[in-house]
Amino acid sequence: MSEKIFPTTSSSTFDRRSLLRRSGAVVGLGALLAACGKDFGGDTAPGRVGLADQATALPEGTINDALVVRTMQSLEHAVVAALQAMGAAGLYTSSQQTYIDRFIADHVSASDALGEAASAAGAEPYACPNPWFVDRYVTPVYDAVAASDDVARDTRSATLAFETMLAHSYQHMVGLLSEPAHRRLIMTLGSSASRRSALLSVLWTAPTHGYLGPALSDAATESDAAGFPIQYAVPASFGLVSQIPVIVGAPDAEGSRYGTSFQTPAENTFVYDYMSC
Amino acid sequence: MTTPKGSGPVTSTPGDAPTAEDQSDSRRRLLAGGAAAVAFAAVGARSVSAARPRLSTSELSLLKYAQRFELTARDLYDEAISAGASDPLWEAMSEQHEAYAHGISGLTGLSADSRDDDLFGQLRVSFRGAGALQAAYDLESAAVSTHLEVIGTLADVDAAELIASIISAESRHCVVLADVMGRGNELGMTLDNSAAPILP
């Protein structure tokens, strides 16, 4: 009877024969993977299921001075559309309508100047409302204001926000322009927009909240006691290009009102050269 | 930019309380620093890019003129305050214009150390009298027209953006001053600017 000096363990199964077998499996798997990665010259596009139309690529838009001018022209018309809609619905008092009529005349005059600049730059004027801005802001804001529990308050808020949006947008667009003459035109119109915005603030918010915003006065607050944002005549030391908060409309079942923020133009708002009225 | 009104210096010793003038100076220093920061923020990251082209000599000269104009405006508002104008708006306007001068410093490196003495001398009396508000309105309107000429000359986009932000703010000043005069309902005062630029 022989005596086992070294007891059998699981590690003892890793012998020369097993090593050869496993090496063979590794080599075989490597060959399989290499074959899968080989280019056999077939269609590399993802498989198609069904008969849907092929996707069409969007046209390439060029950002240049003409685009800036055309975009601002379209925003002037968008604001005109908003003011005219609120005026036609009788949302303004007779004294307010005096200002609004002057504002609309200013917007039309600004559009004419921008259209001339577009033509001079070899582009087609865009004398109609910006479609993206109308869909995203003008229509929903107007709908909310018209159905509000305080139409007078919300008409003031919306009008002020539209004019302030133009002021911020003109200033913002300066950084996208290359020609100093275009910058001068844009800020001439931007100055007028700032004046209209400030005038509405002076008339509608200054009597209660003062002229100076929170950046300039400790007494000033971002919103009133009811939570509505306050647009000050002089909100900060420098002109702003920030978004403009708007809260309008009747409260829903949970007490929330329609809220949005007007923003300065970006790629989705631009009026590209392939767009026309 | 938030500036605590009426707060004293960070450190103080008993018996050495800051005077109102000291507090005003502290506030101004805060505003100046804030203005430079805002100017940098306004022009974005481009201003710190090594590849950013330098301002030309003529642009620097023009911006220096604009800076001196702003310091002149600050001193004219201070002149009105020293003559008895007590509305806090006067001090706010003075600080606004100092902020613009420091904003130009932040962009260009030009020291905000001198006003336009000739312009100051021409307008000083009007800021000390009963017509100070009208003089201030006229100055703000002229400032807007002047900066529109400046922006129409600048090739540098960062400088143009800074001047644009000053134009926006000073346009608002005009409306506020018209309202303080009791003429906020006059659309010709609030919406139109027929002032001629004041050029070098």
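Where a number appears in this text, it was derived from the coordinates with a stated rule and is not lab data. Worth saying up front: this structure is predicted, and the values here are computed from it rather than measured. Backbone-built Cβ (ideal geometry, glycine too); neighbour counts: all protein chains shown.
The calculated FRET efficiency for the pair A:ALA88 and A:ASP135, based on their C-beta separation and a Förster distance of 30 Å, comes to about 0.95. One Cα centroid belongs to the range A:187-226, the other to the range B:62-130; the line between them spans 23 Å. A straight chain from B:SER86 to B:SER114 at 0.36 nm per residue would run longer than the Cα-Cα distance by 7.5 nm. The average projected area of the range A:65-262, computed from the convex hull of its Cα atoms over all directions, is 11.0 nm². Could you let me know the centre-to-centre spacing of the range B:149-200 and the range A:85-141, using Cα atoms, in angstrom? What the calculation gives is 22 Å, centre to centre.
Taken over the range A:157-277, the convex hull of the Cα atoms encloses 140 Å³ per residue.
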